[in-house]
1. I need every pair where a residue in region 309-333 that is free of Cβ contacts under 8 Å to residues at least 12 places away in the same chain has its Cβ under 6 Å from the Cβ of a residue that is surrounded by 15 or more Cβ atoms within 10 Å (Cβ to Cβ) and assigned to a strand (DSSP E or B), sequence separation at least 6 or different chains.
2. Looking at (1) part of a helix (DSSP H, G or I); (2) in contact with a helix residue (DSSP H, G or I) (Cβ under 9 Å, 6 or more places away or on another chain); (3) within 26 Å of residue 178 (Cα to Cα); (4) in contact (Cβ under 8 Å) with a residue 24 or more places away in the chain, find the lone condition where residue 241 falls short.
3. Looking only at region 244-277, count every residue that is surrounded by 15 or more Cβ atoms within 10 Å (Cβ to Cβ) and either touching a residue at least 12 places away in the same chain (Cβ under 8 Å) or touching a strand residue (DSSP E or B) at 6+ places or on another chain (Cβ under 7 Å) (or both) and tell me the total.
4. So if I check each of 146, 163, which one is closer than 17 Å to residue 24 by Cα and either surrounded by fewer than 23 Cβ atoms within 10 Å (Cβ to Cβ) or within 15 Å of the chain's Cα centre (by Cα) (or both)?
5. Quick check, is residue 109 over 23 Å from residue 168 (Cα atoms) and either outside the structural domain of residue 290 (by TED's automatic domain parsing) or surrounded by fewer than 24 Cβ atoms within 10 Å (Cβ to Cβ) (or both)?
6. Within region 272-321, how many residues turn out to be out of contact with any helix residue (DSSP H, G or I) (no Cβ under 7 Å at 6 or more places or on another chain), assigned to a loop (DSSP other than H, G, I, E, B) and more than 25 Å from residue 189 (Cβ to Cβ)?
7. Looking only at region 43-62, count every residue that is at negative phi and out of contact with any helix residue (DSSP H, G or I) (no Cβ under 9 Å at 6 or more places or on another chain) and tell me the total.
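The values are calculated or read from the model by the stated rules, or taken from the named source; none is laboratory data. These figures come from a predicted structure and were not determined experimentally. Neighbour counts are summed over all protein chains in view; Cβ atoms, including those assigned to glycine, are modelled from backbone coordinates with ideal geometry.
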């Protein structure tokens with residue numbers, strides 16, 4: 001069979017997704033909105049062949065098979081790709097992350113999106129970006145958004161089969177060239193509480209979650225207006241509010257979930273203090289991990305990078321512009 005290789009970029013949610021109305025199909029309770037990052041990406045090669053004795057995934061040099069979390073994430077999209085294409089041969093996938101794995105930098109999003117794109121191409125399927133987004137969603141919810149560069153919205157949908165839960169691009173990569181994300185890496189260790197477990201715990205026990213469910217659609221609508229107008233201040237304020245609501249619900253779970261590290265808190269305080277004095281304009285977001293991301297415009301990158309680099313515990317600072325659409329590559333990993 002054919003071999004194919006794809007590269008997809010990680011995305012960071014400005015308006016957050018957290019919690020599923022359907023665990024099996026990965027259907028969220030509300031829409032989310034994200035920006036794709038050019039600095040973080042995953043490259044994946046997939047081949048179907050009767051030479052292989054069983055399906056396998058090699059991720060950054062480590063091999064996983066059915067029954068292991070890293071591989072089982074791909075089972076649902078892989079099953080649908082086989083069903084649509086008629087391909088029955090065993091699969092080998094080799095994947096390389098240019099982003100820390102499972103550390104709050106959306107490696108599952110870029111990884112699942114790259115896998116789905118490569119597997120569909122290797123199986124000979126000719127499917128749309130919308131269909132690929134649905135397939136990616138089955139493996140990792142945020143991966144639905146990594147099928148698009150620029151800024152994307154993931155529609156929660158209302159159908160029980162998930163047919164209307166997919167992402168679409170709102171703004172292309174080159175439409176806001178001044179937009180930047182400064183990522184502060186404070187730990188490259190895998191997080192103790194996986195996102196899926198954390199979401200389930202939050203939905204089940206947080207007394208604040210229902211309020212967030214009501215607020216989230218309003219935030220997405222307002223953020224879309226700000227994005228269309230290139231109103232950076234309003235967009236940043238809403239994004240920071242969404243981040244705060246996410247972590248408030250996690251802290252209010254039983255038992256509480258805390259992804260922040262001491263350095264994370266210090267970075268946040270540094271940004272807030274500098275913004276208050278007018279030194280620069282940057283807005284905070286964090287996901288299920290200790291890394292802090294700051295949204296800013298190009299003219300503030302140097303000042304923000306200098307400020308956060310001085311914080312004790314910050315291991316690395318990576319500046320990212322808006323990232324591109326995923327793409328098929330001619331060179332393979334095996």
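1. From region 309-333, the pairs are 309/317.
2. (4)
3. Total meeting the criteria: 19.
4. The unique qualifying residue is 163.
5. Spelling it out, it is not the case that residue 109 is over 23 Å from residue 168 (Cα atoms) and either outside the structural domain of residue 290 (by TED's automatic domain parsing) or surrounded by fewer than 24 Cβ atoms within 10 Å (Cβ to Cβ) (or both).
6. 2
7. 7
For (1) farther than 28 Å from residue 201 by Cβ; (2) in a loop (DSSP other than H, G, I, E, B); (3) assigned by TED's automatic domain parsing to the domain that holds residue 170, each residue gets a yes or a no:
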residue	(1), (2), (3)
8	yes, no, yes
13	no, no, yes
25	no, yes, yes
30	no, yes, yes
33	no, no, yes
43	yes, no, yes
66	no, yes, yes
84	yes, no, yes
